[in-house]
Amino acid sequence: MDDDPAGTPPDRPVDAPASGASPGLAQTQAPAPAPDQIYDRVLAEVGPRLRRLRQERGVTLAALSEATGISVSTLSRLESGGRRATLELLLPLAQAHQVPLDELVGAPEVGDPRIRAVPQRRGRMTVVPLTRQPGALQAFKLVIDPVAGPSEQRVHEGYEWLYVLSGRLRLLLADRDVVLRAGEAAEFDTRLPHWFGPADRTPVEVLSLFGRQGERVHVRARPRGQGD
């Protein structure tokens, strides 16, 4: 039993008559905790919950700092209880972990590994995040609408793996031009100029794994024009 503010012995409920008292007389009950005490208790549990959430996902403080813009020292003190949790700290953390805010300040659901995927519209593409943790590797489901033609190829840090779920995907990679059908995959260093989108007038559905570092998957992409 938790410590009782009225000092009631643990073997006697607060609302039970004291020894020798008349059962018909009202007894003084322990006062309810003040709102400040409740808030302090809730906030005290945030730090351990943040540490557990980060460690379960295998994310380092440095990676979380990069994803949230919060310094490593602040994150460390927040997890250890040396820094009081505030909304401006919890909002980017909830976004980075892709969990509801109330999961950081309340008891998280237990035994349900399902991801609450929320589709996001980005230009001609619908993006569904399939991972909750920040860090090296991220998974997405992409549904890309048809376009008149390829746009300018882009470059950025990272490595990407694509798997076509339905439709046909056209991939421009430097001077290569390939088409992938459902069930085919490709991987490439995103520091090479690249563009991808539907190969025809129908949408294409793609599973994308992207990370700054990652293991290569041995796949073969069919050059355009061979067997089309």
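The values are calculated or read from the model by the stated rules, or taken from the named source; none is laboratory data. Predicted model only: the values in this text are computed from it and were never measured. With ideal geometry, Cβ positions are generated from the backbone for all residues, glycine too; neighbour counts draw on all protein chains shown.
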In region 159-168, which residues are within 25 Å of the chain's Cα centre (by Cα) and surrounded by fewer than 17 Cβ atoms within 10 Å (Cβ to Cβ)? 165
If a residue has to be modelled with pLDDT under 85, farther than 19 Å from residue 101 by Cα and not aliphatic (A, V, I, L, M) to count, how many in region 116-149 make the cut? 3
Listed residues 54, 41; which is within 19 Å of the chain's Cα centre (by Cα) and either at pLDDT 85 or above or part of a helix (DSSP H, G or I) (or both)? 54
Pairs returned, first residue in region 51-76 that is within 16 Å of residue 131 (Cβ to Cβ) and surrounded by 17 or more Cβ atoms within 10 Å (Cβ to Cβ), second residue that is at pLDDT below 90 and β-branched (Val, Ile, Thr), beta-carbon separation under 8 angstrom, 6 or more apart or interchain, are 53/99
Looking only at region 142-182, count every residue that is in contact (Cβ under 8 Å) with a residue 60 or more places away in the chain and over 18 Å from residue 205 (Cα atoms) and tell me the total. 0
Restricting region 202-224 to residues that are within 15 Å of residue 168 (Cα to Cα) and assigned to a strand (DSSP E or B), the residue that is modelled with the lowest pLDDT: 223
Pick from region 139-158 the residues that are in a strand (DSSP E or B) and touching a Pro at 6+ places or on another chain (Cβ under 8 Å): which of them is surrounded by the fewest Cβ atoms within 10 Å (Cβ to Cβ)? 154
With the requirement that a residue be among the hydroxyl-bearing types (Ser, Thr, Tyr), over 17 Å from residue 124 (Cβ atoms) and part of a strand (DSSP E or B), what does region 161-201 give you? 163
